[in-house]
Amino acid sequence: MEYPLPDSEMPVQRKEASPWIMLLCLVAFMLVGLILGSMLVNTLMRAQGLDGLSFLGNMKEDASLQQRNMARWANLFPHFFAFTGGAVAVSLLFFRSKWLQKLQLQRWPSWLFIAGGILFVLAIFPVAQTSYWLNQQLPLPMWMKDMEKSANELVKILLHMDGPAELLLNLLTVGVVAALGEELVFRGIVQQQMNKVVKNPILSIWVTAVVFSAIHMQFVGFLPRMILGAGLGYLFHWSRSLWLPILVHFLFNSLQVIAYYFLGEKADQFSPDQAIDNPNWLGGIVGLAILIVVGYYLSRLHKQQNS
């Protein structure tokens, strides 16, 4: 005969923290990481004889190799400390030893999901480019347009690559670090916590996508980034593995870097965030059709695996 354990010997169930508390802590950790990363970069720059982070605003198209590389490190370290460091720190604080499972990093997606993710990457480019043109038609304030122009000019300087070493550093900065950190934050934490608040996985995907786009502070390209964020959110929801949006995000960013390395400024015509006068409507429609078909298939696969 079994007897119930006295209350003092019952295992203690840790109450899960409020999603809002976790999100506030995430913002705090990210700010601390941003400060630490910026301090590190500022120290490295001064050691190289550069005028700290202020030189970024004065970079020209004829920037030297040293200046381009320091600008890349100036993006890499703050981003890594803020996004990857912030997400891991808050996950360890709230989830302890279960942080990998809570972030859905404990399993690799199936090859069917990976194949669907690759098709998604190929189809999203013309859709993003068409939506960028639509975004351009909105009557935005001049300061928003100037901010986007300045950001695009800096990106162009950083995408100027004279050899494999610069290509690899760009792939590390724009591909690996950006994809890993942003997916840990937005899909791993924000989307899942928002789902606890709104109790609707689709709504949480789109709310997170809006935040994902807004945090880039480039409003002329708000719409395509929101669409990309929503697509990554759906891939995460269907696969239940954070590795799939990380992989897709990496491919999306890295393909643009590789295109610029081999094609130079000719790659602008394939870039989803470059101003265009006449969008490729056919390409956008075909891309959207592929996204719908891939999405339908992956949603069916998701239902089969969870039935």
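The values are calculated or read from the model by the stated rules, or taken from the named source; none is laboratory data. The shown structure was predicted, so the numbers you read here are calculated from the model rather than taken from an experiment. Here Cβ is always computed from backbone atoms with ideal geometry, including for glycine, and neighbour counts include all displayed protein chains.
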Return yes when Leu228 is without any contact (Cβ under 8 Å) to a residue 12 or more places away in the chain and among the hydrophobic types (A, V, I, L, M, F, W, C) and no when it is not. no
Only residues that are assigned to a helix (DSSP H, G or I), charged (D, E, K, R) and touching a residue at least 60 places away in the same chain (Cβ under 8 Å): list them for the range 154-189, please. Lys156, Glu166, Glu182, Glu183
Take Ile202 and decide whether it is within 22 Å of Gly86 (Cβ to Cβ) and modelled with pLDDT of 95 or more. no
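A quick yes/no check of all residues on (1) more than 17 Å from Leu232 (Cα to Cα); (2) modelled with pLDDT under 95; (3) outside any loop (DSSP other than H, G, I, E, B); (4) in contact with a strand residue (DSSP E or B) (Cβ under 7 Å, 6 or more places away or on another chain):
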residue	(1), (2), (3), (4)
Ala74	yes, yes, yes, no
Leu92	yes, no, yes, no
Ile118	no, yes, yes, no
Phe125	no, yes, yes, no
Lys145	yes, yes, yes, no
Which pairs have Cβ atoms under 9 Å, sit 6 or more apart or on different chains, and link a residue in the range 35-56 that is modelled with pLDDT of 75 or more to one that is loosely packed, with under 12 Cβ neighbours inside 10 Å and among the acidic types (Asp, Glu)? Met45/Asp51
Please identify the pairs in which a residue from the range 196-216 that is under 27 Å from Glu148 (Cα atoms) has its Cβ atom under 8 Å from the Cβ atom of a residue that is modelled with pLDDT under 95 and of a type in the set (Lys, Arg), counting only partners at least 6 apart or on another chain. Phe212/Arg225; Ser213/Arg225; His216/Arg225
Test: residue in the range 53-68 that is aromatic (Phe, Trp, Tyr), more than 21 Å from the chain's Cα centre (by Cα) and assigned to a helix (DSSP H, G or I): yes
In the set Leu223, Leu251, Leu203, Leu244, which member is over 11 Å from the mean Cα position of the chain (by Cα), hydrophobic (A, V, I, L, M, F, W, C) and more than 20 Å from Val121 (Cβ to Cβ)? Leu203
I'm trying to understand the selection: among the residues of the range 190-228, which are small (Gly, Ala, Ser) and either outside any helix (DSSP H, G or I) or surrounded by 21 or more Cβ atoms within 10 Å (Cβ to Cβ) (or both)? Ser204, Ala209, Ser213, Gly221
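Condition check ((1) of a type in the set (A, V, I, L, M); (2) assigned to a helix (DSSP H, G or I); (3) touching a Ser or Thr at 6+ places or on another chain (Cβ under 9 Å)) across all residues:
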| site | (1), (2), (3) |
| --- | --- |
| Ala230 | yes, yes, yes |
| Phe236 | no, yes, no |
| Glu265 | no, yes, no |
| His302 | no, yes, yes |
Could you give every pair whose Cβ atoms fall below 7 Å, whose first residue belongs to the range 238-262 and is surrounded by fewer than 19 Cβ atoms within 10 Å (Cβ to Cβ), and whose second residue is not in a helix (DSSP H, G or I), counting only separations of at least 6 or pairs across chains? Arg240/Gln104
Of all the residues that make up the range 203-225, how many are in contact with a Gly (Cβ under 6 Å, 6 or more places away or on another chain) and of a type in the set (A, V, I, L, M)? 2
It is to be established whether one or more residues within the range 173-189 are of a type in the set (Phe, Trp, Tyr) and more than 17 Å from Phe252 (Cα to Cα). no
Out of (1) under 30 Å from Leu247 (Cβ atoms); (2) surrounded by fewer than 17 Cβ atoms within 10 Å (Cβ to Cβ), the odd one out for Phe94 is which? (2)
